[in-house]
Amino acid sequence: MARTRNTRLEAVIQELGLSQRQLAARLRVVAAEHRATELHRVAQPYIARWIGGATPEGRAAHILAETLSRGLGRTITLTDIGLATDDAADPQTSAWSVDTLATLATLGSTDMDIARRQVLAQSAYSVAGLALPTESWWQEATERARTRKPLSKHTVTPEDVTSVREMTAFLSQRDQQRGGRGVGRAALVAYLRTDVAELLGGRFPSDVLRRDMTSAAAELAYLAGWTSFDAGEHPIALRWLTLATQLAEEVGDAALAGHVLRAMAHQAVDLHQPAEAVRLAEESLSSRRYAEACWREKALLGVVHARGLAAAGYKKQAAQALNRSEADLARAREDGDEPGRVWFFGEASLAHETAAALRDMGDLKGAEREFKRSVRTRQKPFKRTHCVTLGYLGEVQVRQGQLDAACATWHQALDTMTGVQSGRARETVVQMRRALSPVLRRGGGPAADLDARACAVLADR
């Protein structure tokens, strides 16, 4: 059967302005960075065959796309070069790459390159990317991961897993204190792209160790997604969270997969996609994901479900979900060992999410009460969330006509923001100024002083 010439790939290579031999040389460099030893001998005839319609094998298509992206200074997708598989054309699986190691390497490289990250960050957040694969697809992905051939000679040890988990704990604490933007996040992505990618491609003495390492990598990928979300880089966040879900599902870590899907639901709520938020939250609660979670994590899954229901207008169901989440958190003391990823979730966090749900349900007095409870019970390390809570509290106060109280609350929020690098915190300042705008048009006073402080904070970010 005759092959169809790949004119898309040919056009992109022509735009790059390199010969096929020069492109092959660049591709070998990128392959070496990814430790893709199967591509170290790629030469001009490979490029010619791909242009002629042959399909690149293994990771070659992803590495080719990355090589072209670097050369052109913009993101080149598999669709752009005519190499999207049937799965990629299917909206159910378009965001769910078969090869998680290739995805980790490609996404990590994109995220670490300032220009390419900006292109991706400025692209549209699409709910099409939230479509989850079928159960049979998950089973096939699990088998592929189990039988994946090692890409490195390194033999993974339990100490390697501990190192990844310790790094995740450290970076997670920094995120809670200062937010998802800045140097800490760059270090996180670099660590994922290099050390963790090599460990996942290493040799595993046992299947238990393989599962442990993959779960540890999934938690770190989740943190990369969460910090992207907090920084306001939503398309990047969605890709990291998708990868984290896939890694967790590949090794049957249902509770972790539920945790990540809950973050995707939270993101959908914030981006005013309530139907998608409800669907994702229900997925996070389905099957083993909720059943195998500890009580603290169950409470977290439940309160985000309530957030989605409230945003979608299902007030009765949202109230029921809030009550169940409160009950689950009350049972958290029954757990022995809890996963490190839920260390932050306690009374203050539950009160914050409950308040946001009540606000969306139109219960402003209830929202004010719960936001105040969150402020009152939050511990010192959670600086980023504290200033966001204060921002939200001021908003519900001004909506009830309590301008003086709102100004006092917002001054506290601005005081707390010193050193915080968070897109969500910044957005509360933007909303603060928007709420003050009608007051400023009627005259200055305390609101004018607050607005001046808010302008200074925004200018510094």
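Quick notes on this structure:
- Convex hull volume of the chain per residue (C-alpha atoms, cubic angstrom): 153
- Counted by Cβ distance under 11 Å from GLU159, the other residues give a net charge of -1, where Lys and Arg count +1 and Asp and Glu count -1.
- Once the Cα atoms are used to define both axes, helix 364-377 deviates from the longest principal axis of the chain by about 80 degrees.
- Viscosity 1.002 mPa s, 20 °C: Kirkwood-radius Stokes-Einstein D of region 155-290 over Cα pairs, µm²/s: 142
- By the compact-protein rule of thumb, 2.2 N^0.38 Å, the alpha-carbon radius of gyration of region 288-415 corresponds to a ratio of 1.08.
- The mean of 1/r over all pairs of different alpha-carbon atoms in region 7-84, once inverted, gives a Kirkwood hydrodynamic radius of 12.1 Å.
- Across region 241-254, coupling constants 3J(HN,Hα) worked out from phi with the 6.51/-1.76/1.60 Karplus curve, θ = phi - 60°, read 5, 4, 4, 4, 4, 5, 4, 5, 5, 4, 10, x, 8, 5 Hz, and Gly and Pro carry x.
- Size of region 318-374: Rg and Dmax of its alpha carbons, in Å, are 12.4, 38.
- The residues TRP226, TRP343, TRP138, TRP240, when put in order of fewest to most other Cβ atoms within 10 Å, stand as TRP343, TRP138, TRP226, TRP240.
- About its Cα centre, the dipole of the chain is roughly 940 debye, where the only charges are +1 on Lys and Arg Cβ and -1 on Asp and Glu Cβ.
- Peptides 360-367, 257-264, 4-11, 194-201 ranked from most to least packed give 257-264, 194-201, 360-367, 4-11, packing being the mean of other C-beta atoms within 10 angstrom over each peptide's residues.
- Entry note, the chain: relative contact order of 11 percent, from Cα contacts under 8 Å with a spacing of 6+ residues.
- Residue order, fewest to most beta carbons within 10 Å, for PHE345, PHE371: PHE345, PHE371
- Acute angle (nearest 10 degrees) that the helix 295-311 long axis makes with the longest principal axis of the chain, alpha-carbon atoms: 80
- Packing-based exposure ordering (other Cβ within 10 Å, fewest first) of ARG21, ARG70: ARG21, ARG70
Since every read-out is calculated from the coordinates, none of them should be taken as a lab result. Quantities reported herein were computed from a predicted structural model and do not represent experimental measurements. A quick note on method: Cβ atoms are made from the backbone with ideal geometry, for glycine too, and the neighbour counts reach across all protein chains shown.
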